[in-house]
Every structure is written in structure tokens, then in C-alpha cells.
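Trainee: Have a look at this one before I ask anything.
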Ligand code: UD1
Ligand code: UDP
């Protein structure tokens, strides 16, 4: 079986970390295409080295742009690639614009689409990712779900149950596979932060960055945190922080460039709590036993709230302050969600080997 695996943005690289070796071990011929949606060394290269990922077979150089420009450019380049290569399937991961572009380009060429991380829903159509998830899942021939609840979401939307496989969360497998590699990573100490005595923050969702009053609310809450805060800022967020009231050395908030994957896991493990709007960080904090405060209007990672690892709050300084206080007081133990384990990539292989049911009409 020949598969092309599409990646483009930071969370995509992590999702294929455990997947590529598992596909190779199973004798599946899988090649990576990198759209180039993320391109800075700190947003792309570092993940290939941290995760020992093979260099992409193709790099498309799509870069930044509006949603239509970015998605459309990726589609045009992927269409050309898929037409030349005619793989048996195209596998897409997550919910970024590169995911949608890969699914659309493949489906129109009648190449079956496999979606890893299918069925997550925030029910907030103002999120670009929710649009990407809905469309990608409708186009997918095989839907690989990460958590309980995802299958029900898909069935309600009319997806045939025989197309859905509950494989578990590949982000969780990646955390577990990399735990032993965190030893000796002392990035918190290098920043002068005591182990277990700081808060780690990440913010990059447009619902926060593109609303000055929300970003200011988050900035105010971080500035008032009872513990020092380390904030590796996404390139989307960085230029907006000064106007929101956070400068390089605002009180005890330390702004840094984005950090690599292993440093990020080490920082999450050593933090007293995490404040974030990231999807992946909600999951990783849950795996690493660190209480999480998610600053958003909704979350598609409801399962992390259900197990007691995560709290959802609006971008309001008092609400964040209260939730952070509660998170810092809360016990650091909970049951991790079902199938957030080391066997996710093996379940993906088993699903692929069971045969992809072609979309209706392709045989005509
Ligand atoms: C994208 C995903 C989001 C994901 C996030 C992960 C979509 C719609 N959004 O958001 O779901 O959570 O990636 O990080 O696909 N930039 C750089 N260097 C880079 C990449 C981006 O400077 O290497 C800057 C550019 O100014 C760019 C902006 O960040 O315009 C946004 O990048 P983009 O890929 O469009 O969206 P993200 O906010 O990164
Ligand atoms: N991450 C990282 N360095 C950072 C911020 C995030 O390695 O400075 C990792 C994080 O640990 C997780 C992934 O990037 O594995 C999540 O990506 P992001 O928050 O950008 O996207 P989302 O998951 O929200 O789509």
C-alpha cells in the first residue's frame, strides 16, 4: 500500500512522529509531504529533529496567507503531486488548513482520504479549525477517532459506522514515547524558574489574538499570576502582546520564542499549571499530570475536562485568575482518557490493513 501523509503546521509534525515508524514497520510505503504552512525553524525544523522524523519527500513552500490563499495554494500544489504519484490513499492529520487542502485535493482526484483525529467538534463555526474538521470528515473514506464521543459526533453527521475506527490519541502516544528523552532538559532552570514553581502559557487562537480586549484580559491575568509565568509566544501572537499590556519583561511574565517539542513537554511536566488555548497542549498537560486552564469559548477536547485535568474559561482576567487559583490547588492525578496509550499507531496500522472502504461512486 502506498500512502502520502500530509503535514504543514506544528501540531501536524507531532501527530506523525509515532505514525511514520509504525507505518514503515508494517511494510506500508508512506511518504511525507510538507506543505510549508509553517516554515520558521522554531515552528517546523525543530520538530523534525526532536522527533527523528524523516525529511519530507516533498516540500511545497505554501507559506502564510489568508485562509483561501493558503488553502488554495496548498490544494493546487497537492493536486499536482497526487496526480503524478497516484497513491492508494492520502492520510491527513488534525484540523489545520493543510489538512483541509489535502483532503479536498485527494477527494477530487478520487483518492481515498484517511483522517487521523476525526470527529472532534467544538460546535463553534467561527473557528477555522471547526470548518476544516467538518469538511475533512465529510470527505474522508476512513475516520480514525482519538477519544470517546468522536464516533457519536460523526454518526450524527451521517458518517457510516463501518468507516470509523476508535484508534485513540496519537498526541498521547507521542508524549509517552518521548518521556524518557526529557531527562536533563533544564530549560525552566535556565530561565531561572523553580521546578514545579511556575505557570506555562501559550496563546495563538484568533478568537483571542484578534480581539484586543480578550488578549488584554489574558495578559492581565498572567501578570497577576501568583507564580512566575513562562510564555513561549507563537509568531501570530508576539507582535500583539505589547499593545495587550505584556512587554518582554512585564512583571514576572517571561516571553520567549516558541520552544521545541521536547523542551515544551519538559516545561509542561515541570509547571504547576498550564494556561493555554492550544488543542495539543490541553491533551499533553492531561497526560503529564499538570492541571490545565483553557482560555477559550469552547473546546473540542471535552474529554480532558471530563477526567478532571482541564478547566474551560472565557478570556476575562477575573475568570482566568479564579480558574488558575483552583487549578493550582487541585490534585494532580486523574485517569487519562481511554486509548490515550502507546498502541495508537498500531491501531492505525490495523485499521489501514483492514481495508479502506472506497467512497461511493469511485468504482464507476
Ligand atoms: C495554524 C492553524 C491552527 C493551529 C496552529 C498551530 C489553521 C487555520 N490554523 O494557525 O489550527 O493551532 O497553526 O500552531 O490552519 N507565522 C510565522 N512563521 C511560521 C508560521 C506562521 O511567522 O513559520 C506567522 C505568519 O505571520 C502567519 C501567522 O503566523 O500569517 C499565522 O500562521 P498560520 O499558519 O496562518 O496560522 P496559525 O495561527 O499558525
Ligand atoms: N508546542 C511546542 N512549542 C511551543 C508551543 C507548542 O512544541 O512553543 C507544541 C505543543 O507541545 C503541542 C503542539 O505544539 O505538541 C501544539 O501545537 P499548537 O498549540 O501550535 O496547535 P494546536 O494543537 O492548538 O492546533
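Trainee: For the chain, modelled as a Gaussian network with Cα springs under 10 Å, which listed residue fluctuates most, 108, 15, 77?
Mentor: 108
Trainee: Next question, about the same structure. Determine, from the Cβ-Cβ distance of residue 110 and residue 55 and an R0 of 45 Å, the FRET efficiency 1/(1 + (r/R0)^6), rounded to the nearest 0.05.
Mentor: Details: r = 29 Å, r/R0 = 0.65.
Plugging the Cβ-Cβ distance into 1/(1 + (r/R0)^6) gives 0.95.
Trainee: Where does the stretch 59-164 land on Rg(C-alpha)/(2.2 N^0.38 Å)? Kindly include the intermediate steps, with their values, before the conclusion.
Mentor: Numbers: Rg = 13.5 Å, N = 106, 2.2 N^0.38 = 12.9 Å.
After normalising by residue count via 2.2 N^0.38 Å, the value is 1.04.
Trainee: Quick one: what do you get for the chain if you divide its Cα Rg by 2.2 N^0.38 Å? Let's see the in-between values first.
Mentor: Details: Rg = 19.9 Å, N = 364, 2.2 N^0.38 = 20.7 Å.
In units of the 2.2 N^0.38 Å rule of thumb, it is 0.96.
Trainee: Also, I was wondering about something else. How many angstrom separate the Cα center of the stretch 260-312 from the Cα center of the stretch 44-78?
Mentor: One Cα centre to the other: 26 Å.
Trainee: Compute from the Cα atoms of the stretch 85-240 the Rg and the Dmax, the latter being the longest Cα-Cα distance, and quote both in angstrom.
Mentor: 19.5, 56
Trainee: Using a Gaussian network for the chain with springs between C-alpha atoms less than 10 Å apart, which of these wobbles most: 267, 116, 176?
Mentor: Highest fluctuation among the options: 176.
Trainee: What number in nm² do you get for the stretch 103-164 if you take the convex hull of its Cα atoms and divide its surface by four?
Mentor: Reported value for the Cα convex hull: 4.0 nm².
Trainee: Shifting gears a bit: Measure out, as a whole number of angstrom, how far apart the alpha-carbon centroids of the stretch 113-138 and the stretch 1-34 sit.
Mentor: What the calculation gives is 20 Å, centre to centre.
Trainee: Rounded to a whole number, what is D in µm²/s for the stretch 282-364 from Stokes-Einstein with the Kirkwood radius over alpha-carbon pairs (20 °C, 1.002 mPa s)? Could the numbers behind the result be given before it?
Mentor: Values: Rh = 15.3 Å.
Translational D for this selection: 140 µm²/s.
Trainee: Can I ask one more? Roughly how far apart, in whole Å, are the Cα centres of the stretch 225-257 and the stretch 176-211?
Mentor: Centre-to-centre (Cα) distance: 13 Å.
Trainee: Something else: On a 0 to 90 degree scale, rounded to 10, what angle separates helix 279-288 from the longest Cα axis of the chain?
Mentor: On a 0 to 90 degree scale, this one is about 70.
Trainee: Pick from 192, 94, 245: which is most flexible by mean-square fluctuation in a GNM of the chain where alpha carbon atoms under 10 Å apart are linked?
Mentor: Of 192, 94, 245, the Gaussian network model singles out 192 as fluctuating most.
Trainee: Can I ask one more? Want the number for residue 66 to residue 160: 0.36 nm per residue separation, take away the alpha-carbon distance, what's left? Please report the intermediate quantities before stating the final value.
Mentor: On the way: separation 94, 0.36 × 94 = 33.84 nm, distance 3.33 nm.
Between residue 66 and residue 160, full extension yields 30.5 nm more.
Trainee: Where does the Debye-calculated log10 I(q)/I(0) of the stretch 188-241 sit at q = 0.19, 0.25, 0.29 Å⁻¹, using only Cα point scatterers of equal weight, no solvent?
Mentor: Once normalised to I(0) and log-transformed, intensities are -0.67, -0.98, -1.15.
Trainee: Given only helices, namely DSSP H runs of n ≥ 4 each adding -39500 (n - 2.57), what is the per-residue ellipticity at 222 nm of the chain, to the nearest 500 deg cm²/dmol? All intermediate terms of the calculation are to be shown ahead of the outcome.
Mentor: On the way: 16 runs with 146 residues, N = 364.
Mean residue ellipticity, 222 nm, calculated: -11500 deg cm²/dmol.
Trainee: Okay, moving on. Just from the alpha-carbon atoms, what are the Rg and Dmax of the stretch 6-109 in angstroms?
Mentor: Over the stretch 6-109's Cα set, Rg and Dmax evaluate to 12.8, 39 Å.
Trainee: In addition: Quick one: helix 317-329 against the long Cα principal axis of the chain, what's the angle to the nearest 10°, folded into 0 to 90?
Mentor: Tilt of helix 317-329: around 90 degrees.
Trainee: How far is helix 67-85 tilted, in degrees, relative to the longest principal axis of the Cα atoms in the chain, given as a value from 0 to 90 rounded to the nearest 10?
Mentor: Taking the Cα atoms of the chain, the angle to 67-85 is about 40 degrees.
Trainee: In addition: Which whole number of Å³ per residue matches the convex hull of the alpha-carbon atoms in the stretch 212-364?
Mentor: Working: hull volume 24.8 nm³, N = 153.
It is 162 Å³ per residue.
A short reminder: the numbers here are calculations on the coordinates, not readings from a lab. Here the structure is a predicted model, which means the values were calculated and not measured. Counting neighbours? That spans all protein chains shown, and the Cβs are built from the backbone with ideal geometry, glycine included.
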